[in-house]
Amino acid sequence: MKAKQWKRMLAIGLSAVMTLSILTGCGEKESGNSGNADAAGETAKQSTEQNEEAEQTESDKPDTWIADRTIVMQVYVDDIGYDMPDNVNDTLVMQELTRRTGIKIDVRYTPGDSDSMVMAAQLASGNIPDMIVGYLNDSTRKEFPIISKAAREGLFADLSEMMKNTKVYSKYYEDGYLPKDTYNNIVFRDDFGGAVYFLHLQIQEEDRSAIWDPNESLLGGMYIQKRIVDDLGIDPTSIRTQDQLYDLLVRIKEAGYTDDNGNEVWPMGPRYWGGNAESQELLAKNDNWGVSDDYNITEDGKVLHEAETDYVYKKIAFYKKLLDENLVNTEFFTMDATRTEEVSKSKNSAIIANVHSYVDVIYGNEDWLPLGPLEDIDDFNGSYYKGKNGYGFAAISSEAENPEEILAFLDYLSTYEGQLLIYYGIEGVTYDMVDGYPVLKDEVKEKIEAGDKEYQRDVVGARFGGDGLLALEFLVTNRNNIDNFGESRPGIGATATFDRAVELATEYPREMKLLEGLNAMAYLNTEELAEVKANLELLNYDEMLVQAIFEKNDAEVTKIVENFRSQLKAAGVEEFEAHLEEVYAEDPSAINFIPHN
Amino acid sequence: MKTASGKKARMSSGKKKSWKVLLRHYWPLYIMLIPCVVYYAVICYVPMAGNVLAFKDYSFRKGIWGSDWVGLKYFKTFFHSYDCWRLIRNTFAIGFIKTILEFPFALILALMLNEIRNMKFKKISQTITYLPHFLSTVIVVTMLQRVLAPNIGILNQIIKIFGGEGSTYYLMESNYFYRILFLMDIWRGIGWGSIIYLSAISGVDPELYEAAELDGCGKLKKMWHITIPGIQGTVGLLFIMGIGGIFSSGYDQIWLLRTPGNMALADTLDTYVVRIGLQGGQFGYASAIGLIQGIVGLVMVVVCNTISKKMTEVSLW
């Protein structure tokens, strides 16, 4: 009898636990890397801290003091989310930052299929903490329509008045400080009615984008194995056209090189970070007519999608030839990132279709040389620049308490003192000032040389030597590393790690050319074109091209292309093209077209 | 009249009494039922209210209930869209494979396992067939990509050994897509799916087999005349429940198997909903398509249940 009662009690207990577990899931889940405290606990903690603070005299607080609080930020940036210390507030940098400002941070990241999808879901649920942070190169980025909708619907605080009183962000009001797109389409948008909801981050104080600086520049593009260059006796910079590239691939194939594992090399391998349909632009440069999100303008002023021109067939024919003759890896468009790294490192690819000089496979040895670059439709093979730009955004919740404190904290991070702390850590501990510039200490350099990333991220919490804590660095704006610190990449020059990258950028400089304007799709964000936008965004030109490239039957290829053209028409592409023609006629610098027939 | 109402009252009181008796005797069981009820209420029924989004212009600030009504706008947009019928066709095709074509295989495996007399071999076979169920779709698809890779994949290597070219890129050719999907599902789900049939088979009266043996029935005849009719109810119920998924392809598997080469077939309503809903932020439109899928599934279940009830007396209700 007793045993039966025990069983009953156990069953009931289990049932209660299960029911509570299910119901717990209905509540808001707080997850952070710094404590996972629940809201009540957090409030109580803050309250206690505030009481303790009240006991302190005002004179104990430095001039930079803002408030004793924890700012909870949700980041939609995988590079931050996957690389956080166990407790960011325990790092030397955050402890110093808290001493100066009183602020602690709670950085939260939710993994998902993509950061933009997680952001859309969280904004839709209305569940955002004090502030959110995400990627945002410019207003054409796919996340922007979602955050812009959230802003119009009042999810974010209006920062316009507060910004005017800040040290750094007040510069955003100065004429010519912000890039045109940032000013008109992100920060001071007309449809926000004078309100400011977004801080575009990582804006440079000085525009140096027209200068090829070997210490700063990433040398990206195709890279070829040096042993093959030596063996074939070629000048890798002489490969400028698709035909020359084809001839080179044929020579490599005929030479029959083998990789580190003894397997035959593929003359052309996929991009280092994983194959994708967008890779179609990498090799067919001469035929890449749709330079602005697949759109461009003819010399007589007609805007078209590349699919509506013959260039689509030229591209398909070029790739088909490469595939048919086994000159390009069959999985060029689809190989996952793990394997593309593997085939690059084992030298299974004679040429890597796209990589840059700050990837270890390139800077870690002298086995690779830049190839080309190929010329574009304008016979130019250098790099385009468009002036200043940003690559992240922050927005403060309209329900955050005292948003001016959050803005003040963000502002402090972007001051010289804030940036010095974020990039170099603590003076006397991680760096010394020499001739007015910070220089990392020898023991810190040794840690960098030894690849001790945990020291940089978990102990110091700074961002030097090309590594360390990204969470704070991402929030910086008004960057001017050369003037402030005497080097474009903080701490990079302190070690020999990236010497090869600088050497390559010095030996193979790129000609720079100004190409103003936004990508064409930026002009799809109007009320009138809302339906066209919804339809066009569902069409994927790159995927259609790859589908056609792999189709063996020529009649089917035509069918695929014609079907895509019909889809474009049905989606309303002509309406969009007419709109682009109007915009371009009014201001040719508004869209980054390269007029060509 | 009085008598009748008095009888009714007594019956009613008796009924109430019986519930009380039931509760008093079996209250621990009812308490154990609570988590299931709560689970279905919270996870399945409450979120159904969100379907109202299919008729609203969703606003982050106003929320589901406060957003403005737009009527049937999204449904009209969908049925007028260029891709509508292609998406419907692709979804039905994959739904058909998953709910109809794949359906008998778990049953066949259960019948085969039931005939194994060597218990050790039976257990090993069962374990081996169950295991793939516990692998995540990402892992299975990654393995598949390696196995089917052109030139270096195991399948192509084997083809090369036997004198073939061995360079076929299976995942980039649409004519292999359905076959890959079908085989992946079978490999992954057949063992797990057979558990419920094995359990139903174990409930068939052993005396029936003994009687059949006396009548001279062989294994096949016993299977055909005793086992299958014995589990007919379970088979019918599972089929009716499964048919609700005929207008659904699932998301993760299709998304991961999708390549530019097979996208003509792999673009389905489920992947479309994710693209426009979560990537494009059109929550109302995505909900409308999800609702269409749900309604079609419900109709299929009701129709199949009615037909099954009339023809085989097996039904969900």
Inset, instruction - Output ³J(HN,Hα) for the stretch A:78-90: one whole-Hz value per residue in order, computed from phi by the Karplus curve 6.51 cos²θ - 1.76 cosθ + 1.60 with θ = phi - 60°, and x for Gly and Pro. - result: 4, 4, 7, x, 8, 9, 9, x, 4, 9, 4, 6, 8
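Counting Lys and Arg as +1 and Asp and Glu as -1, what is the net charge of the other residues whose Cβ lies under 11 Å from the Cβ of B:ALA211?
In short, -4.
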Legend entry - By average C-beta atoms within 10 angstrom, highest first, the peptides A:504-512, A:467-475: A:467-475, A:504-512
Inset, instruction - Shielding by partners for B:280-287, please: the mean number of other protein chain Cβ atoms within 10 Å of each residue's Cβ. - result: 4
Inset, instruction - Using θ = phi - 60° and the Karplus relation 6.51 cos²θ - 1.76 cosθ + 1.60, list the HN-Hα couplings for the stretch A:141-150 in order, rounded to whole Hz, with x at every Gly or Pro. - result: 5, 5, 6, 4, x, 6, 6, 5, 4, 4
Legend entry - Within the stretch A:215-285: Cβ-based charge dipole about Cα centre, in debye rounded to nearest 20 (Lys, Arg +1; Asp, Glu -1): 80 debye
Legend entry - 10 Å Cβ neighbours from other chains, averaged over peptide A:541-551: 4
Inset, instruction - Would you please give the FRET efficiency between B:LEU316 and A:ALA570, computed as 1/(1 + (r/R0)^6) with r the Cβ-Cβ distance and R0 = 41 Å, to the nearest 0.05? - result: 0.45
Inset, instruction - Enter the angle in degrees (range 0 to 90, nearest 10) between the Cα long axis of helix A:115-125 and the first principal axis of the Cα atoms of chain A, meaning the one along which they spread out most. - result: 50 degrees
Inset, instruction - Pick out the long, greasy-scoring helices in chain B: whole DSSP H runs spanning 24 Å or more along their own axis by Cα, mean Kyte-Doolittle at least 1.0. - result: B:177-202, B:283-312
Inset, instruction - Can you tell me the order of A:260-271, A:388-399, B:143-154 when each peptide is scored by its average per-residue count of other Cβ atoms within 10 angstrom, highest first? - result: A:388-399, A:260-271, B:143-154
Legend entry - Furthest towards positive pole of dipole, A:SER397, A:MET521, A:LEU407, structure part chain A, Cβ charges: A:SER397
Legend entry - Computed E for A:ASP587/A:SER170 - FRET, C-beta separation, R0 25 angstrom, nearest 0.05: 0.35
Inset, instruction - Would you work out which of A:ASN484, A:THR497, A:LEU20 lies farthest towards the positive end of the dipole of the protein assembly as shown? Charges go on Cβ: Lys and Arg +1, Asp and Glu -1. - result: A:LEU20
Inset, instruction - Could you size up the charge dipole of the stretch A:72-117 around its Cα centre, putting +1 on the beta carbon of Lys and Arg and -1 on that of Asp and Glu, and report it in debye to the nearest 20? - result: 380 debye
Legend entry - chain B shape via C-alpha gyration tensor axes, a/c threshold 1.5: oblate
Legend entry - Approximate spin-label separation A:ALA496-B:SER202, in nm, with each point projected 7 Å along Cα-to-Cβ: 6.9 nm
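With charges only on Cβ, +1 for K and R and -1 for D and E, what is the dipole size of chain A about its Cα centre, in debye, rounded to 20?
With only Lys, Arg, Asp and Glu charged at Cβ, the dipole is about 1840 debye.
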Inset, instruction - For helix A:403-413, report the angle its Cα long axis makes with the longest principal axis of the Cα atoms of chain A; keep it between 0 and 90° and round to the nearest 10°. - result: 60 degrees
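What order, most packed first, do the peptides A:111-123, B:130-142, A:235-247, A:194-206 have when packing is the mean number of other Cβ atoms within 10 Å of each residue? Display every interim value, and only then the final one.
Numbers: A:111-123: 19.2, B:130-142: 14.3, A:235-247: 16.2, A:194-206: 20.8.
Highest to lowest by the protection proxy: A:194-206, A:111-123, A:235-247, B:130-142.
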Inset, instruction - Taking H placed 1.01 Å from N in the peptide plane, check which residues at least 5 places from A:ARG479 or on another chain put their amide H under 5 Å from its amide H. - result: A:ILE203, A:GLN204, A:GLU205
Inset, instruction - Could you state the angle between the C-alpha long axis of helix A:311-324 and the longest principal axis of the C-alpha atoms of chain A, as a value from 0 to 90 degrees rounded to the nearest 10? - result: 80 degrees
Inset, instruction - Report the label-to-label distance for A:ASN402 and B:LEU214 in nanometres (one decimal), using points 7 Å from each Cα along the Cα→Cβ vector. - result: 9.0 nm
Inset, instruction - Report relative contact order for chain B in percent, whole number only (criteria: Cα-Cα under 8 Å, sequence separation at least 6). - result: 23 percent
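Within 10 Å of each Cβ of B:23-32, how many other protein chain Cβ atoms are there on average? Before the final figure, lay out each step's value.
Numbers: counts 0, 0, 0, 0, 2, 9, 3, 1, 8, 6.
Average per residue, whole number: 3.
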Legend entry - Inter-label distance for A:PHE380 and B:GLN157, nm, one decimal - labels placed 7 Å from Cα along Cα-to-Cβ: 4.8 nm
Legend entry - Per-residue HN-Hα couplings for the stretch A:199-204 [Karplus 6.51, -1.76, 1.60; θ = phi - 60°; Hz; x = Gly/Pro]: 9, 7, 8, 6, 6, 7
Legend entry - Rounded FRET efficiency, nearest 0.05, which uses the C-beta distance separating B:ASN51 from A:ALA578 and R0 of 56 Å: 0.90
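Where a number appears in this text, it was derived from the coordinates with a stated rule and is not lab data. None of the values given here were measured: they were computed from a predicted structure. Note that we place each Cβ from the backbone using ideal geometry, even for glycine, and neighbour counts take in every protein chain shown.
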